[in-house]
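Step one of this worksheet: look at the structure below.
The values are calculated or read from the model by the stated rules, or taken from the named source; none is laboratory data. This one's a predicted model, so the numbers in the text were calculated from it and none came from an experiment. All Cβ positions, even for glycine, are placed from backbone atoms using ideal geometry, and neighbour counts span all protein chains on display. In case anyone asks, the SASA skips ligands and DNA or RNA and just uses the protein heavy atoms, side chains included. Shrake-Rupley method; radii C 1.70, N 1.55, O 1.52, S 1.80 Å.
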Amino acid sequence: MPNPLHLFGFDRRVRARRRRAVPVPTALPRTDAVFLVMRRMRAPFLVVITTFSFCTAGLTFIPGTDGQGNPYRMTAFDAIYQMTMTVTTVGYTEAPYAFSYPQRMWVMMSIFLLVVSWAYALGVFFSLLQEPAFVDAVATQRFRRRVRRLREPLRSSPAMVLPAAPSGAELDERRRRFVVLDNQRSKVETVATEQFAADVPAVEGDCRQPAMLGVAGLDRPTCAGLALTDDDSANLAVVMAVSVLRPGVPVLARCSSHVFQDRMEQFGPEAVINPDDRFGNYLALEMLRPVTHQLLMWLMDNDENHLPAIRNGLGRGRWIVCADGAFGDLVTTDLREAGVEVDLTHPRDGAPRDSGITGFVSGTDDDIVNIALAEQVRLTNPEAHIVVRQKNAANKAVLAYLRVDHVYIATELVAREVLARTLTPVFWRFAELAVAQDEAWAIALRDRLVERLRRRTPDRDLLTLSMADAPGLVHWLSRGMPFTLGDLVRDPGDRSAELPVVPLLLARGDDILITPGSDVPVRVDDQVLLVGSGEGLGPPRGGPALRRRRGVCRYRPRGPHDLGLAHPHRRPPRPSPGRRRLRRPTTRRHPRTRRRPRTRRLPTTRRGGGDRHTDCAGVAGSAPCHPILCFPIAMATRGRVPIAPPSRPHSLSRA
């Protein structure tokens with residue numbers, strides 16, 4: 001059996017050279033809308049100004065008469081006033097006196113001249129509004145302002161992160177801000193019609209230009225690049241620009257050729273994803289290690305939202321790949337390296353009519369032809385494993401009716417891996433380690449997850465035990481107190497029960513511990529990768545369950561014996577008016593007497609000489625409750641419970 005690490009190319013990482021950071025260019029040529037207006041409207045403005053000046057000067061030279069019949073010549077101000085009214089309203093009155101016939105003839109000629117000049121200027125202006133250069137300049141300036149106003153961590157996603165693509169929709173669902181840079185106007189315009197929770201900046205541009213990447217937010221400190229276009233040359237340009245301009249910024253690139261993949265890897269990107277080659281790797285892994293493949297597909301983001309079905313014995317038999325171009329060569333090479341018997345046929349030869357084949361891959365460039373070939377093979381080989389290649393999910397309903405075993409869509413495969421790397425980077429490290437394990441390990445982990453989380457696809461979350469995310473726990477660990485993973489995943493309301501979460505990986509510096517046990521002690525700055533259901537982790541956008549679990553680590557200590565007494569950022573919510581009216585009346589006290597806070601006791605049982613909470617677990621005998629185990633109960637009551645030393649019982653008071 002080949003090494004799975006070599007099969008997926010996990011060992012092909014190239015360490016990039018250390019480069020000196022240089023300023024990111026953000027100045028684009030011909031992007032100043034004001035400059036374009038002034039340059040395009042220069043001739044119309046000169047025509048209007050010349051015509052207006054000529055008509056005004058002529059009106060000052062033509063003699064007229066005043067109210068008494070005396071000769072009178074208009075002043076410059078009166079002439080400008082009259083021409084201004086003529087330009088805007090085509091005559092309003094004769095000021096300051098009634099005009100003579102020569103003046104009226106001049107005004108009539110001026111009306112035609114000024115109307116023609118203004119019509120010429122307005123025509124040029126409205127044509128300017130429709131010119132592509134002006135529209136692009138305005139769109140680029142608007143895009144630049146919207147990117148500059150972003151305050152959240154940004155993922156600059158050049159091209160192909162489209163609204164219909166799974167990557168953009170999933171990033172928006174996880175509250176990750178991103179921008180769209182595409183060279184096709186139709187794809188950019190669809191961003192406005194998508195139902196995104198946040199306003200997604202999008203612009204039409206060429207990602208090969210470093211200045212365009214700078215406008216898209218490459219110079220921001222929280223930016224990461226996603227080069228996911230269909231053009232390998234454009235993706236290589238993005239990788240080169242990010243590597244040179246921002247050496248420390250991670251970039252994920254897509255390619256379809258091994259030649260461009262080798263060129264990209266010389267610049268040390270985070271990952272280079274060849275979807276056709278990666279699909280062959282996944283297919284070979286499904287044949288050699290079906291449970292490992294099932295586990296990875298289940299934990300990674302997928303549309304099925306449940307544990308995928310497994311089929312054994314796919315590697316024992318003959319496979320036929322019907323494809324043309326590089327896709328057929330890559331898949332055939334991957335299967336042969338895995339030791340599978342495979343034949344490559346051309347689409348013009350039609351579907352194979354011989355029976356007894358184990359699997360069939362329909363991978364032509366035409367989606368309809370792929371479906372037709374798959375149906376012909378299904379008629380002659382009902383038990384064959386059918387794989388169909390598609391460009392998009394438009395024919396998903398037809399494929400579901402035909403009971404196709406697997407559908408390969410390049411954009412979805414790339415999006416699945418990109419999301420696994422960007423949303424939870426530690427998870428991809430777990431995937432690399434999981435591929436290196438044996439099949440027995442995968443079976444044990446799958447059964448454990450199914451027992452704890454059922455068969456629905458679990459959510460992922462990374463918990464960092466730092467002062468920012470876990471201040472109370474950091475103070476507790478700094479005093480040398482023990483705390484294990486089992487204590488971390490216990491239910492805050494019932495310490496005898498565990499939350500529906502499973503720790504997959506514990507990262508401590510450069511040391512990685514995969515599937516750690518519940519008795520493993522945790523330390524400060526540890527990173528714990530957790531998977532679980534909505535009850536344990538909460539929805540991706542957060543919720544009561546998520547706050548309930550994170551509350552174990554987000555309370556600060558108030559005294560030497562207290563682990564988490566008050567929330568550092570949020571005061572306890574005041575009860576609603578209805579609850580306030582239903583409260584038990586308290587005894588009135590003298591105004592000068594210090595009022596003691598209302599308290600209510602937790603459910604306790606009298607054992608020996610001390611009180612013990614009925615919800616507390618892990619302490620036997622008649623000793624009082626342990627503060628670390630009772631701390632989540634105090635957290636569950638929104639920080640209103642001071643945890644007392646072991647020498648006295650607990651009471652619940654409002655902070």
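Name the residues in segment 338-354 that are in contact with a Cys (Cβ under 9 Å, 6 or more places away or on another chain), at negative phi and part of a loop (DSSP other than H, G, I, E, B), would you?
His346, Ala351, Pro352
Which of (1) farther than 30 Å from Val138 by Cα; (2) in contact with a Ser or Thr (Cβ under 8 Å, 6 or more places away or on another chain); (3) of a type in the set (Val, Ile, Thr); (4) modelled with pLDDT of 90 or more is the odd one out, the single condition Val47 does not satisfy?
Unmet for Val47, out of (1) farther than 30 Å from Val138 by Cα; (2) in contact with a Ser or Thr (Cβ under 8 Å, 6 or more places away or on another chain); (3) of a type in the set (Val, Ile, Thr); (4) modelled with pLDDT of 90 or more: (1).
Any chance you could count how many residues in segment 449-485 are open to solvent by less than 40 Å² (accessible area, probe 1.4 Å), in contact (Cβ under 8 Å) with a residue 40 or more places away in the chain, over 28 Å from His306 (Cβ atoms) and not aromatic (Phe, Trp, Tyr)?
Count: 9.
Do any residues in segment 139-152 that are open to solvent by less than 100 Å² (accessible area, probe 1.4 Å) have Cβ atoms under 8 Å from those of residues that are among the basic types (Lys, Arg) and not in a loop (DSSP other than H, G, I, E, B), where the two are at least six apart or on different chains, and which pairs are they?
Leu150/Arg177; Glu152/Arg177
If you check every pair at least six apart or on different chains, which have Cβ atoms under 8 Å apart with a residue in segment 325-349 that is open to solvent by less than 70 Å² (accessible area, probe 1.4 Å) first and a residue that is assigned to a helix (DSSP H, G or I) and aromatic (Phe, Trp, Tyr) second?
Val331/Phe279
Of all the residues that make up segment 486-516, how many are at pLDDT 90 or above and either open to solvent by less than 60 Å² (accessible area, probe 1.4 Å) or small (Gly, Ala, Ser) (or both)?
Total meeting the criteria: 9.
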